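Taken together, the values in this text are just the output of simple stated rules run on the coordinates, not laboratory data. Everything quoted here is computed from the prediction, not taken from an experiment. Heads up, the Cβs are rebuilt from the backbone with ideal geometry, glycines too, and the neighbour counts pull from every protein chain shown.
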């Protein structure tokens, strides 16, 4: 099942409820995330060979846990961050079967919204600016 298919099955209030539980520090940005959600509903998915996985990680230093969304190419098992991938490509990704079992549809969309919007939410602006300046140098 693709992320796009899952997205189409959800409703904003259900996704927001799950999002706010997982990312309470982001609740003041509800309108921003609603806008991203709405934009995703209007975006046509691109076919992708990457599988999307939601995984719980644990820090070796302090045992802190966090959820991350990763991509795995169909031909290998190396995972990588998806933040810089186009949203249309995310939507075309198949969601890995264990993710479908471990997370409800609203949780999957909530975690993906957080990761997708992370770059556009100002946290990587300086990195993007630096990368663009290096690319044009």
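On the basis of the beta-carbon distance and an R0 of 35 Å, residue 26 and residue 60 show a calculated FRET efficiency of 0.85. Packing, taken as the mean count of other beta carbons within 10 Å per residue, orders the peptides 44-50, 21-27 from highest to lowest as 44-50, 21-27. Once the Cα-Cα distance is subtracted from the 0.36 nm per residue extended length, the residue 97 to residue 76 segment shows a gain of 5.9 nm. The overall shape of region 5-121 is oblate: from the C-alpha gyration tensor, with semi-axes ordered a ≥ b ≥ c, the ratio a/c is 1.5 or greater and a/b is no larger than b/c. Residues 65, 57, arranged from fewest to most other Cβ atoms within 10 angstrom of their Cβ, appear as 65, 57. Which of rounded, prolate or oblate describes region 61-115 when judged by the alpha-carbon gyration tensor and an a/c cut-off of 1.5? It is rounded, given that a/c, with a ≥ b ≥ c, falls under 1.5.
First check a/c for region 21-73, with a ≥ b ≥ c the square roots of the eigenvalues of its C-alpha gyration tensor; if it is under 1.5, answer rounded, and if not, answer prolate when a/b is larger than b/c or oblate otherwise. Verdict is oblate for region 21-73.
Computed from the C-beta positions of residue 5 and residue 84 and an R0 of 35 Å, the FRET efficiency is 0.90 to the nearest 0.05.
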